[in-house]
Amino acid sequence: MVIDAHVHLYWPALNADPGAWASARGEAHWADLATRRRKDGRPVQLFPDVGALLREMDAAGVDRAVLLGWYWETARSCEEQNAFFAECVRAHPDRLAAAVTVHPPSGAAHVEREFERAREAGFRGVGELSPHAQGHPLDHPAFARALALAGSAGWPVTLHVTDPSARPYPGQVSTPLEDFDRLAREFPATTFILAHWGGFPPWRQPNVYCDTAASPLSHGPDVWRRGVGALGADRVLFGSDFPLRLYPRLEDGAGMARAAQEARAGLAPAEAAAVLGGNAARWFGRRPR
């Protein structure tokens with residue numbers, strides 16, 4: 001089974017006019033990252049519907065995708081994202097899994113309410129979250145509550161990580177790597193998936209994994225060999241960061257298929273099997289019928 005463990009998808013009201021939606025909802029940071037255009041005038045990312053995602057998965061040979069929310073700046077945006085994902089999972093249970101997103105600054109009651117709704121909807125994880133972008137300290141009580149609930153449920157928590165060696169880009173937020181080491185130590189019962197190769201250090205904590213989201217935008221094809229060499233094939237989950245355009249100089253689409261093929265070409269067969277789905281299947285594989 002091939003699983004893309006890092007996919008974003010947005011609901012129709014947002015897709016209709018992303019910039020206007022973000023302005024009306026106070027989501028300036030998301031707009032800075034998601035609605036920008038490159039120097040050639042083309043968009044940084046696309047705004048497809050669920051049907052387009054499924055077609056992209058088919059073309060890439062991806063059996064299952066994990067819908068990740070965003071590190072939104074308001075509770076309302078999180079709630080809309082979660083409700084939309086519940087609809088997607090209900091309509092396509094064999095193809096899609098989902099993670100719940102929350103806004104810890106809105107308090108523990110919000111976190112607990114969204115977790116309960118997520119459990120009822122069959123969600124399987126948490127994230128993508130970012131205390132650094134959402135503007136709260138690591139020890140915020142509602143964030144701690146979210147991590148504890150995730151650990152109790154056996155849900156991995158995907159956290160946004162900015163590679164400290166990456167070139168600066170608009171909207172970039174610093175994410176000190178020692179913060180993730182601290183979280184892994186303080187919440188040993190919680191599994192963490194650090195996005196974007198986890199900033200690329202050789203993470204050794206038993207509850208830390210890394211995904212490969214947006215890899216082609218900051219690394220060459222050799223990143224698969226280097227990354228697995230540093231982290232171990234059993235600690236890496238394939239993630240495309242769909243609908244981000246991964247190969248803007250080569251194609252107009254999102255590039256999920258090209259990224260999956262790049263992973264297969266860069267790894268030994270057993271390594272590729274683990275990275276492309278074997279590792280993620282323990283949390284996001286199909287439910288028994």
Considering the values (i) 17.3, 49; (ii) 19.3, 74; (iii) 17.7, 54, which represents Rg and Dmax of the Cα atoms in Å as calculated for the structure under consideration? (i)
Over the chain, with every protein chain in place, what whole percent of the accessible area is carbon and sulfur at 1.4 Å, could you tell me? 54
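Would you please classify the overall shape of segment 33-155 from the alpha carbon gyration tensor, given that a ≥ b ≥ c denote the square roots of the eigenvalues, rounded means a/c under 1.5, and beyond that prolate means a/b larger than b/c while oblate covers the rest?
Here segment 33-155 falls in the oblate category.
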Lys and Arg at +1, Asp and Glu at -1: neighbours of M1 with Cβ under 10 Å from its Cβ sum to +1
Compute the normalised compactness of segment 1-76: alpha-carbon radius of gyration over 2.2 N^0.38 Å, N being the residue count. 1.21
How big is the charge dipole of segment 22-165 about its Cα centre, in debye rounded to the nearest 20, if each Lys and Arg gets +1 on its Cβ and each Asp and Glu gets -1 on its Cβ? 220
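Take every DSSP beta bridge whose two residues both sit in segment 1-132, then give the antiparallel share in percent to the nearest 5.
10
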Which listed residue (L53, Y71, P43) has the Cα farthest towards the positive end of the charge dipole for segment 27-75, taking +1 on Lys and Arg C-beta and -1 on Asp and Glu C-beta about the Cα centre? P43
Under the rule rounded for a/c under 1.5, else prolate if a/b exceeds b/c, else oblate, using alpha carbon gyration tensor axes a ≥ b ≥ c, segment 42-91 is classed as oblate
DSSP loop (so not H, G, I, E, B), at most 13 other Cβ within 10 Å: list which trypsin sites (Lys or Arg not before Pro) in segment 188-283 pass both filters. R204, R249
Would you mind putting 85-95, 172-182 in packing order, based on average other-beta-carbon counts within 10 Å, highest first? 85-95, 172-182
Tell me the per residue accessible area of the chain using a 1.4 Å probe; a whole number in Å² is fine. 40
Give, as a single signed number, the net charge of other residues whose beta carbon lies under 9 Å from the beta carbon of S77, with Lys and Arg counted +1 and Asp and Glu -1. -2
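Against the 2.2 N^0.38 Å scaling, with N counting residues, where does segment 235-289 land? I'd like the Cα-based Rg ratio to two decimal places.
Segment 235-289 yields a ratio of 1.28.
The values are calculated or read from the model by the stated rules, or taken from the named source; none is laboratory data. All figures in this text were calculated on a predicted structure; none of them were measured in a lab. Positions of Cβ are backbone-derived with ideal geometry, glycine not excepted, and every protein chain shown enters the neighbour counts. Ligands, DNA and RNA are stripped out before the accessible areas are found, and what is left, the full protein with its side chains, is counted by its heavy atoms. Shrake-Rupley method; radii C 1.70, N 1.55, O 1.52, S 1.80 Å.
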